[in-house]
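Structure, as structure tokens:
The values are calculated or read from the model by the stated rules, or taken from the named source; none is laboratory data. Just so it is clear, the structure is predicted and the values come from calculations on it, not from any experiment. Note: ideal-geometry Cβ built from the backbone for every residue, glycine included; neighbour counts use all protein chains shown.
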Amino acid sequence: MTGSRYAFDNDHDESANRHRHLAAMYDDFTLRRITELGLAAGQRCLELGAGGGSVAARLAGLGAKVLATDLNVRHLPPDGRYDILQHDLRRDPVPAGPWDLIHARLLLLHLGSRAEILTRLAAALAPGGVLLIEDFETTFRKGVLRAPTPADAAIYDAYHEALAERVMPSFGNDPTWAGRVHAAMLDAGLTDVTTEVHARSWPGGSAGALLQASNIVQQRAALRDAGLADADLDRILELLNDPGMVVRGHLLYSTAGRA
């Protein structure tokens, strides 16, 4: 992707924690969406940006034939019940289908050519196949549900604003993309397009709070460059481990369309 790069490299020491937190936060929701969309045993499933492989493993456990792909496959266990392909969706063709299900979670928002990629994915579906794209919409604020002090709430809001409005866009991330996927699927000729928006509360020490801590660990230098002091970042890390701090997860737009 021209002018963009992935902000959360799988080679970083924190990446395994990130995959674990995301699985705890969203796998149950994602699998409910997939099963409601009609996944059946024996269907061919393409899991893009598979990360740690948690979704691919659960799809395989339901009897699907799964190909899990990622730019960096180091966290995908080689003894899983699915096939693995190192793959760059920006430059490589969509793996040969046709596919009954193509799923990508928290992937396309990072890719500069995301709209063109969605069109290619739609074209790779089997008749009746489903494309499910799940991405964060990060423009909505009010992320603090409870904080020990008003100053703590303000410092967390400042972190979220810096991450969403300055750090992530510098890597090519589009914070408005999730809200535009529904229209993009219709424009690509898909039918029965539906969007479900998911978010919940996360107290300090829970998976959702610790994902924010992982953000800080991986992007501390960029957050400093965006105006946050080290003392502020240290305080936010303390808060994210404090059960008295409660944050709201990003809005996850889960959009599905059928060929």
### Query
Cβ-Cβ below 8 Å, separation at least six or inter-chain, first residue in the stretch 82-98 and of a type in the set (Asp, Glu), second in a loop (DSSP other than H, G, I, E, B) and surrounded by 15 or more Cβ atoms within 10 Å (Cβ to Cβ): which pairs?
88/71
### Query
If residue 12 passes every condition in (1) under 30 Å from residue 223 (Cβ atoms); (2) under 16 Å from the mean Cα position of the chain (by Cα) but one, which one does it miss?
(2)
### Message
Looking at 44, 33, 74, 58, can you tell me which residue is out of contact with any Leu (no Cβ under 8 Å at 6 or more places or on another chain) and among the basic types (Lys, Arg)?
### Response
74
#### Entry: Enumeration of residues in the stretch 79-113 that are surrounded by fewer than 22 Cβ atoms within 10 Å (Cβ to Cβ), in a strand (DSSP E or B) and within 20 Å of the chain's Cα centre (by Cα)
84, 85, 86
### Message
Just the residues that are in contact with a helix residue (DSSP H, G or I) (Cβ under 6 Å, 6 or more places away or on another chain), over 30 Å from residue 120 (Cβ atoms) and hydrophobic (A, V, I, L, M, F, W, C), please, taken from the stretch 132-161.
### Response
144, 147, 155
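Being of a type in the set (Gly, Ala, Ser) and either closer than 24 Å to residue 243 by Cβ or in a loop (DSSP other than H, G, I, E, B) (or both) is the filter here; which residues of the stretch 203-231 pass it?
Narrowing the stretch 203-231 to residues of a type in the set (Gly, Ala, Ser): 204-209, 213-214, 221-222, 226-227, 229, 231.
Result: 204, 205, 206, 207, 208, 209, 213, 214, 226, 227, 229, 231.
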### Task
Assess whether residue 23 counts as being over 18 Å from residue 124 (Cα atoms) and of a type outside the set (Ser, Thr, Tyr).
yes
#### Entry: Verdict on residue 41 being without any contact (Cβ under 8 Å) to a residue 40 or more places away in the chain, buried (at least 21 other Cβ atoms within 10 Å of the Cβ) and out of contact with any helix residue (DSSP H, G or I) (no Cβ under 8 Å at 6 or more places or on another chain)
no
### Query
Quick one: in the stretch 15-69, which of the residues that are within 30 Å of residue 220 (Cα to Cα) and of a type in the set (S, T, N, Q) is modelled with the lowest pLDDT?
15
### Task
May I ask you to verify whether residue 76 is of a type outside the set (Ser, Thr, Tyr), surrounded by 19 or more Cβ atoms within 10 Å (Cβ to Cβ), over 22 Å from residue 187 (Cα atoms) and touching a residue at least 24 places away in the same chain (Cβ under 8 Å)?
yes
